[in-house]
Amino acid sequence: MSSRKSKSNSLIHTEYLSQVQRILRERFCNQTSHTNLFGVQVQYKHLIELLKRTAIHGESNSVLIIGPRGSGKTMLINHALKELMEVEDVSENVLQVHLNGLLQINDKIALKEITRQLNLENVVGDKVFGSFAENLSFILEALKKGDRTNSCPVIFILDEFDLFAHHRNQTLLYDLFDISQSAQTPIAVIGLTCRLDILELLEKRVKSRFSHRQMHLMNSFGFPQYLKIFKEQLSLPTEFPDKLFAEKWNENVQYLSEDTSVQEVLQKHFNVSKSLRSLHMLLMLALSRVTTSHPFITAADLMEANQLCSMDSKANIVHGLSVLEICLIIAMKHLNDIYEEEPFNFQMVYNEFQKFVQRKAHSVYNFEKPVVMKAFEHLQQLELIRPVERTSVNAQREYQLMKLLLDNTQIMNALQKYPNCPTDVRQWATSSLSWL
């Protein structure tokens, strides 16, 4: 009887843990808009007012939201749109068009996407248009139900806005801003970009039709606020099914936020980047260690997650190289030290390697030149070295100039962790110019 009871308890425990994983992962991946806004309340207030003026009063607007990656531009607009759609009579009338400069690489593709999102494929179907502007104006005209007050407001969200400025003649931006300035269909054009010089990229005719309204997001919060965000992001909501488990989980989160080792990890993370995206990555890695036998996040989990976040990918590649390839990298390091970062070729690296082999013939095997060449080419395939110029067909491979893409610190750190690295090779790496 007791074994059956413990089994049912463990099943309930597993079910709650899977719910915890789902709730927090949705939060970390920005798939839920229930998270709080941090440090952008003023901008949020301005944005929601602007959207309401378009949606309710039929007033056209345009605005640029500028900030570094991970500063919360998308989160801000998603929150504002969610609140707007909760207003009565707005959700049925307002149309949204989401465009991305990485996907809609020219105006023709952008127009097709606008048509698709406005469900106008059947309207445009058999019609032939002379120009992009005619096509766009027809699409917007199709939204009109009568006079200006009865027109259906459209909100255009242009992510990676700076990439739209590289389109030929900036026709899409011109037409959108032109409609927003005239007494046609009420539209709001919201551009999201991380470029501060975005206005310099706009043509004069486009710039003259833009409202010059800008919002800047700069992650201006300090470390105490960052610690508060950490707690809020990890805490379970009050409506969680098992109140007792949620209480224990939130107590553990509070304990973690007061732990000095956790605060050190967060301080390092904060100093590198204030981006909430990088904090979410840290928390996601820590959350992945939660199991039925290990139901709560510990300080050790966060420290290990921090190591994974700050791991050097190139140094990790070096750990998997052969001793010969390690020797070639050390030879390149010496050449960089001697010739002050000047490019080198295979022959120079091979000569440097030969000098080392002659000195340490008893401990290092002398490989044939074609074998060394193969190892050199493998380093190029791994992108640890790269050619300075484009390779020509007639050029001899031995004399093609190369550049090392690892710095001395990365090489030394990788050698410290390299399994079974010969002592002579390690000493050769540390003694930069003494062999010459």
Can you tell me what share of the DSSP beta bridges in the chain is antiparallel? A percent to the nearest 5 is fine. 15 percent
In nm², what is the average projected area of the convex hull enclosing the Cα atoms of segment 295-436? 10.8 nm²
Rounded to 10°, Cα long-axis angle of helix 323-339 versus longest principal axis of the chain: 80 degrees
For the chain, longest principal axis from Cα atoms; helix 260-272 axis from its Cα atoms; angle between them, nearest 10 degrees, is 80 degrees
Rank-order 74-81, 307-314, 217-224 by packing density, defined as the average count of other C-beta atoms within 10 Å over each peptide's residues, highest first. 74-81, 217-224, 307-314
Estimated inter-spin distance, TYR255 and CYS421, nm [label 7 Å along Cα→Cβ]: 3.9 nm
Between HIS212 and MET373, the FRET efficiency computed from the C-beta separation at R0 = 56 Å comes out, to the nearest 0.05, as 0.40
Per the 1/(1 + (r/R0)^6) rule, R0 = 22 Å and r from the Cβ atoms of GLU134 and GLU203, FRET efficiency to 0.05 is 0.65
Calculated FRET efficiency for the pair GLU232/GLU342, C-beta based, R₀ 56 Å, to 0.05: 0.60
Roughly how many whole Å is it from the C-alpha centroid of segment 320-381 to that of segment 33-89? 57 Å
From the coordinates shown, volume of the Cα convex hull per residue in Å³ corresponds to which of [x] 207; [y] 139; [z] 259: [z]
Computed over the chain: longest principal axis from alpha-carbon atoms vs helix 2-28 long axis, angle to nearest 10 degrees, is 80 degrees
What is the extension gain from LEU196 to VAL272, computed as 0.36 nm multiplied by their sequence separation minus the C-alpha to C-alpha distance, in nm to one decimal? 25.3 nm
The simple spin-label model distance between VAL87 and ARG22, using points 7 Å out along Cα→Cβ, in nm, is 3.3 nm
Ignoring ligands, DNA and RNA, please state the percent of accessible area on segment 282-404 from carbon and sulfur, probe 1.4 Å. 50 percent
Compute the length gained on full extension between GLN410 and GLU264: take 0.36 nm times their separation in residues and subtract their Cα-Cα distance, giving the result in nm to one decimal. 50.2 nm
Read phi for every residue in segment 196-206 and hand back ³J(HN,Hα) as whole Hz from Karplus 6.51 cos²θ - 1.76 cosθ + 1.60, θ = phi - 60°, with x for Gly and Pro. 6, 8, 4, 5, 5, 7, 7, 5, 4, 5, 6
Taking the chain as a Gaussian network, where each spring joins two C-alpha atoms under 10 Å apart, which residue of LEU401, LEU283, LEU202 fluctuates the most? LEU401
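The values are calculated or read from the model by the stated rules, or taken from the named source; none is laboratory data. In this text, all values refer to a predicted model and were calculated from it rather than measured experimentally. Heads up, the Cβs are rebuilt from the backbone with ideal geometry, glycines too, and the neighbour counts pull from every protein chain shown. Note: areas computed on protein heavy atoms with side chains; ligands, DNA, RNA excluded. Shrake-Rupley method; radii C 1.70, N 1.55, O 1.52, S 1.80 Å.
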